[in-house]
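Structure, as structure tokens:
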Amino acid sequence: MSTPQDGSVKRVLVATDRSKSADRAVAWAAGMANNFQAELLVLQVLIPQQQAGTEAGAAEATRASAAGVELKKFAQSLAGPRGQARVVSDFDPSRAILRVIDEADVDVVVVGNVGMAGRREFLLGNIPNRISHNARCTVIIVNTALLVDGAPPPGPVEPPRWTIEPGDQLAAVEGELLGRATKISQIIAKQGLKEIFATRSGKRPAGEDTNRSRAKRFRSALEELGPTFAKLGQILSTRPDLLPPEFIEELATLQDDVPPLTEPEVVKVMEEELGVPWEDVFESIDPTPMAAGTIAQVHRATLTGGERVVVKVQRPTAERDIMQDLGLLEMFGEKTADRPAFRQLVDMGAIIQHLSDSLKRELDFRQEAGNIERMRGILTDYDRLDVPRVYPEISSARMLVMEEIQGVPIRQAPEGDARIEAARQLLESYYRQILTDGFFHADPHPG
């Protein structure tokens, strides 16, 4: 997106943390909006302190709502009825600002220059720099130190071209959930899941499928529904008390079989996380992914210093899609919580909570990075075993950069003393991980 070719500016966005310096930038942006008779959208990003869904998380949501009311008053004091406000919660303020820029069809974004000192901070952590590199609109960085406090707000202006009522955001969320629920219903109908779970006692339609074919259709449906339902299938695969053996076997083979991201999509996520053009950090990136899944895909790359690395990049819509599905499942859990038939069969609430916790951990690559570093410490005594080193300074919740360790699958290792010693250390380390450290690799495979 860019400023319209006719030079008109219809919407100006400015972000603030409500600090004195940031509000100077808001006042400057209000003056610009007034000059163009444009709408002024004031954005505040709150860093979540508590997990959503908890009692403390509910209190935090109330705090965000109150902040929104105050922010709207502030915006309208500067721009009259053209002043609009939006409060969002995100661990990454830059990412939140960029998302709102796209969603709100912003023509110009104004940011203050606070914190633009030091090359490393400028390259990797600075919000104004990240916005200027990644926003698809005109970006103006103002020197807030030179702005004067107390400038009068603009005078009366024309009526707004559009307004956002408080309930509109909730309606939008409900609309997205309804759309997703419709998609789920279509997949269920296509795979014939109603017939798959017909009661065992009653008569089935003529030409009834075998347990194996029905199990395959169930697995296919879960794969098509995406990561949330694939993870649910993996949980169900450990419950032979709930499903026939054919279903357990099929669910154990669930795969993340999705089309890979395009090269521009990968680069966009990387630059959003880095805050700078990818060439500032990487010398090259292999466009062909090593692996592609519903949450992320992996590429080989080389850093500007020549180090060979592997980069795990989260799919752009992974978090949104998973949180949307979890919301639907939580609603389902609430609706069925008091039904005896469900309570006797399974604790649906506990399964959904386990699923939610597991997926939220997978979405935050920083947790994976922490686990990798912990395992490196456990294996320091074993010279035939190694774990890739993480590059924390260029890793984030949505991108994980690790050193590339060259090697071959263990089955292809040449026979001899080195292979025997590696096997001995591997077995001994597993005993230690499970019996001593209480922290172990839960997905071993021969590579």
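Here are the numbers:
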quantity: In region 397-426, residue modelled with the highest pLDDT [restricted to those that are under 30 Å from residue 267 (Cα atoms), exposed (fewer than 13 other Cβ atoms within 10 Å of the Cβ) and of a type in the set (A, V, I, L, M)]; calculated: 405
quantity: Close pairs from region 239-258: first surrounded by 15 or more Cβ atoms within 10 Å (Cβ to Cβ), partner at pLDDT below 85 and of a type in the set (Lys, Arg), Cβ under 7 Å, at least 6 apart; calculated: 246/212
quantity: Matching residues, region 187-231, being among the polar types (S, T, N, Q), over 24 Å from residue 351 (Cβ atoms) and at pLDDT 75 or above; calculated: 210, 213
quantity: Of all residues in region 350-373 being among the aliphatic types (A, V, I, L, M) and under 14 Å from the mean Cα position of the chain (by Cα), the one that is farthest from residue 327 (Cα to Cα); calculated: 363
quantity: Filtered residue count, region 435-445, keeping only those that are surrounded by 13 or more Cβ atoms within 10 Å (Cβ to Cβ) and over 20 Å from residue 358 (Cβ atoms); calculated: 1
quantity: Residue among 276, 269, 281 that is in contact (Cβ under 8 Å) with a residue 12 or more places away in the chain and closer than 17 Å to residue 404 by Cβ; calculated: 281
quantity: Region 374-398, residues that are polar (S, T, N, Q) and more than 26 Å from the chain's Cα centre (by Cα); calculated: 380
quantity: Some residue of region 429-445 being in contact (Cβ under 8 Å) with a residue 40 or more places away in the chain and not in a helix (DSSP H, G or I); calculated: yes
quantity: Selection within region 364-391 - small (Gly, Ala, Ser) and in contact (Cβ under 8 Å) with a residue 24 or more places away in the chain; calculated: 369
quantity: Residue in region 300-316 that is among the small types (Gly, Ala, Ser) and over 23 Å from residue 366 (Cα atoms) present; calculated: yes
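Here is a yes/no grid of residues against (1) at pLDDT below 85; (2) among the polar types (S, T, N, Q); (3) within 26 Å of the chain's Cα centre (by Cα):
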site	(1), (2), (3)
309	no, no, yes
312	no, no, yes
318	no, no, yes
323	no, no, yes
333	yes, no, yes
340	yes, no, no
346	yes, no, no
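This table checks each residue for (1) modelled with pLDDT of 90 or more; (2) assigned to a helix (DSSP H, G or I); (3) among the polar types (S, T, N, Q); (4) surrounded by 15 or more Cβ atoms within 10 Å (Cβ to Cβ).
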{"position": "76", "(1), (2), (3), (4)": "yes, yes, yes, yes"}
{"position": "84", "(1), (2), (3), (4)": "yes, no, yes, yes"}
{"position": "87", "(1), (2), (3), (4)": "yes, no, no, yes"}
{"position": "101", "(1), (2), (3), (4)": "yes, yes, no, yes"}
{"position": "117", "(1), (2), (3), (4)": "no, no, no, no"}
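The values are calculated or read from the model by the stated rules, or taken from the named source; none is laboratory data. The structure presented is a predicted model; accordingly, all values stated were derived computationally and were not measured. Here Cβ is always computed from backbone atoms with ideal geometry, including for glycine, and neighbour counts include all displayed protein chains.
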